[in-house]
Structures are given as C-alpha cells and as structure tokens.
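Visitor: Before we start, here is the structure in question, set down as structure tokens.
Coordinate-derived values only; no laboratory data. This structure is a prediction, so every number in the text was calculated from the model and none was measured. Virtual Cβ from ideal backbone geometry, glycine too; neighbours counted across all protein chains shown.
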Amino acid sequence: MTLIETFAQQLDAMEERALLRQRRVVDSGCGAVMEVDGRRLLTFCSNDYLGLAAEPALVAAAREGAQRYGVGAGASQMISGYHAPHQALEERLAEFVGMPRALCFSSGYLANIGIVTALVAPGDGVFSDQLNHASLIDGVRLSGADRHVYPHLDMVELAAQLAASRAARKLVVSDAVFSMDGDLAPLPELLALCEQHDAMLLIDDAHGFGVLGPQGRGAVAQFGLASPRILYMGTLGKAAGVAGAFVAGADAVIEWLLQSARTYIFETGAPPLLAHATLTAIDLIERGDLRRQRLQRLIAQLRPGLQGLRWTLGDSATPIQPLLIGSNEDALAVGAALLEQGIWAPVIRPPTVAPGTARLRISLSAAHTPEQLDRLIDAIRGLV
C-alpha cells in the first residue's frame, strides 16, 4: 500500500464511523439567516453573539480603514506591520478589560500557542482543564513543559496537582466559557489556587468577551477579579464581530510575550483595516447592554422549550446551548432533518467532544428573533 493509499484508507474508516466533516459554502454576510449552499437557511451555528458581524457601523469602519491604510500590513509587526490602529486598539483593549497592557494577535489559536510556549518550557509545569480548547492543548504540548490535565472543573484535583509539583514555574490554563458545553470555569477558585501555589493563570475568554461582565468586559470582570497573576485572552471574531485576538496582563509579562511569542514575532501583521474596525466594535460592545439583554431573553426562551426531550440539554447559561444526542449517526440524522426544514444547527462529533456525546451545538445571537427561536424549538420537538 502506498502512502497516498493509507490516507484514503483512513478517510474510509472515518466515514464508516460517521466522523467525516463537511464544509458548507456561505454566500452572504454572517447573520441569523444566511445563503448556504444555494439555500436560505435559519442558522444557529455562528459565534457572532451580539450580531455585530454584519453591523453597518462596522462595515463602514472597515471601509474607512481600507481607504486609509490599504488592505495588507506588509510585514510582521516587529518589522513594519505595526500601524497606528494596532497601537490604538491595544491601548483601548487594555483600558476596556482593566489591565495595564494588551498585545494583539492574528487569531485566538495563534495567541494561545504563542502565550503558552513563551511562558513555560521544559522543566516548568502547566496545568490544563480536560475540556480546554484545542489551541490551549496544542500550546501546552508544544511548550515541552510537564503536562498536568485535571478533570473538568475539578478544583480538588487541580489543588493536589499544584501541591505535588516541584516545577520552578507553574502556569494554569483554562477556558472561561467552555466552547462545546457553554459552562463557566470557577475563576475565583482558580485564582485562589494560583495565589496559594505561586502560579500564573491564563484565562481564555473567547466566548465570554463582549457577552459577560459589566458592559461586556468579560468573565474576569463578571467575577470582579484583579491580579497581576492573570493573563486574559479574548478573541475579536466572535462577539466583537471582526477578527483576531488579544492578551492583556501585567506590563512586564506582555513585554515578554512581545519579545518571545513566536506566533506574534514571525506572523505577518493583521490588516490595519481590521484593527480600525475593531475600535468601533469595542465601542458597540461597551454600549451593547440592550443586545446582551436580548441575548439573555433568548437563552431563557430556549431552555424550557428544549426540556423533557429524550436528548439532554447541557447546563449552560451562555449563548452556547449543547443538545446531547449520543451517537454520531443519530446526531447527523437530527442535523440533516433540521436542514430539510431550512435550519442549520451544527453537529459536533469526536474528537471535538468525547465519544458517545455527539451533539447539536446551538449558538444564539442577539440577531435572532423570538419567532426564529420558536421555529427551532418546534422543529427539534417535532423530531422526537
């Protein structure tokens, strides 16, 4: 068997286990209703939690940024790709989340890999929640540090691991809102353990930034936490509606990342037009209480509507609402049945989630209407 044939064989095996993924072609802006594969679908698959991705004010800001700065950055930000809107955005983000300094990356994945590998190395200890996002997992693996994975949200086990570690430098990494379950990490307990065991705490708030906390300032603000031990990572392509990511924290730590994070140093800078547009996005988030209130009403509408089914609705108070189906085949069948009715709710299967927990990952947005949500609820209940 040739090398190419082994890949074909592995793909066949994935298909037999109902694990092949399929891309769909979207030919419209991000929104509650989109043109998908030539069809008009009601969608519950986007992380555009505040409905800003197609906001006219953001489109206008991006157009203005393109006219002023062009399209590309031209080089790494350490060479010539650091523009005035990049600087203004970092300053605005630091102020917004209440931390001394911020550094922007081209994506959340690059941010997490760059942060973790810059902070810990062989001989250090890194402690990671079992259900952390793949970007944190990959960063931990690439760092070469001693890996300690604790069961999901198990603070007792994390405390034992920290107490047993003799590493000179310790780093705890955790999602704030977990991307497949929608539940929230106990950030005060995590910080208390870090203080007790002289560890740093990296919080990935990709799904909380813009949604949680006063004025959408995120999960750390929601809990009222402040500590130089905290590194706060937020993404700018979800609730903010644009693209990219940032990390905020103590000045010396951010400067160390600027000097050491390979995914920052060696990456061509993000287009300055995006930074220019994101400045407007932060203003909209700050003034977005009505959007967040609308989102909370939608969550309150969905949850009782999907109770009492043979499928389990996950315990989530966030816009991520997982409906656990079970087998890959059954989950795909449910997703296909919804598509026939013009509704797109993504089916999530292993290895993204554990075997036997394939699910619909229903993502709510302030752009949805109560009537659209009723349509989803009725369609799902009609499949039971």
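Visitor: What number, rounded to the nearest 500 deg cm²/dmol, is the helix-based mean residue ellipticity at 222 nm of the chain, given -39500 (n - 2.57) per DSSP H run of at least four residues and division by all its residues?
Guide: So the calculated ellipticity at 222 nm is -13000 deg cm²/dmol.
Visitor: Looking only at Asp154, Asp124, Asp146, which one moves most when the chain is put into a Gaussian network model with springs between Cα atoms under 10 Å?
Guide: Of Asp154, Asp124, Asp146, the Gaussian network model singles out Asp154 as fluctuating most.
Visitor: Additional query: Compute a Gaussian network model of the chain, connecting alpha carbons closer than 10 Å, and tell me which residue from Leu309, Leu50, Leu373 fluctuates the most.
Guide: Most flexible of the set in this elastic network: Leu309.
Visitor: Students often check this: by mean Cβ neighbours within 10 Å, which of 323-334, 244-255, 67-78 ranks highest, and how do the rest follow?
Guide: Result, highest mean Cβ count within 10 Å first: 244-255, 323-334, 67-78.
Visitor: Mind listing the phi-derived Karplus ³J(HN,Hα) values for the range 262-273, rounded to whole Hz, using 6.51, -1.76 and 1.60 with θ = phi - 60°, and x for any glycine or proline?
Guide: My calculation for the range 262-273 gives 5, 6, 9, 4, 9, 9, 4, x, 5, x, x, 4 Hz in order.
Visitor: Which value results for Rg/Rh of the range 72-286 when Rg is the Cα radius of gyration and Rh the Kirkwood radius based on the inverse mean 1/r?
Guide: Ratio value, two decimals: 0.95.
Visitor: Which ³J(HN,Hα) values, rounded to whole Hz and listed in residue order, are derived for the range 277-290 from phi using the Karplus coefficients 6.51, -1.76 and 1.60 in 6.51 cos²θ - 1.76 cosθ + 1.60 with θ = phi - 60°, glycine and proline given as x?
Guide: 5, 5, 4, 5, 4, 5, 4, 5, 4, 4, 9, x, 4, 5
Visitor: Pop out the ³J(HN,Hα) list for the range 199-206 in order, Karplus 6.51 cos²θ - 1.76 cosθ + 1.60 with θ = phi - 60°, rounded to Hz; leave Gly and Pro as x.
Guide: With the stated coefficients, the range 199-206 comes to 10, 8, 10, 9, 10, 8, 9, 3 Hz.
Visitor: So, one more: Pull up all non-local amide H partners of His133: gap of 5 or more, or a different chain, and H-to-H distance under 5 Å with H placed in the peptide plane.
Guide: Under 5 Å from the amide H of His133: Asp175.
Visitor: Moving on. Show the residues, 5+ positions off or on another chain, whose built amide H is closer than 5 Å to the amide H of Arg101.
Guide: For Arg101, whose amide H was placed from the backbone, the distant partners under 5 Å are Gly249.
Visitor: Right, here's the next one. Mind checking the alpha-carbon convex hull of the chain and giving the volume per residue in Å³?
Guide: 160
Visitor: Just to be sure I understand: of the beta bridges DSSP finds with both ends in the range 72-286, what percent are antiparallel, rounded to 5?
Guide: Looking only at bridges with both residues in the range 72-286, the antiparallel portion is about 40 percent.
Visitor: Would you look at the GNM of the chain, springs on alpha carbons closer than 10 Å, and say which of Leu313, Leu110, Leu20 moves the most?
Guide: Most flexible of the set in this elastic network: Leu20.
Visitor: Just how large is the dipole of the range 1-151 about the Cα centre, in debye to the nearest 20, putting +1 at every Lys and Arg Cβ and -1 at every Asp and Glu Cβ?
Guide: Roughly 240 debye for the range 1-151.
Visitor: Under 5 Å between amide hydrogens, which residues at least 5 positions from Gly244 or on another chain qualify, with H placed 1.01 Å from N in the peptide plane?
Guide: Amide H neighbours of Gly244: Gly108, Leu236, Gly237.
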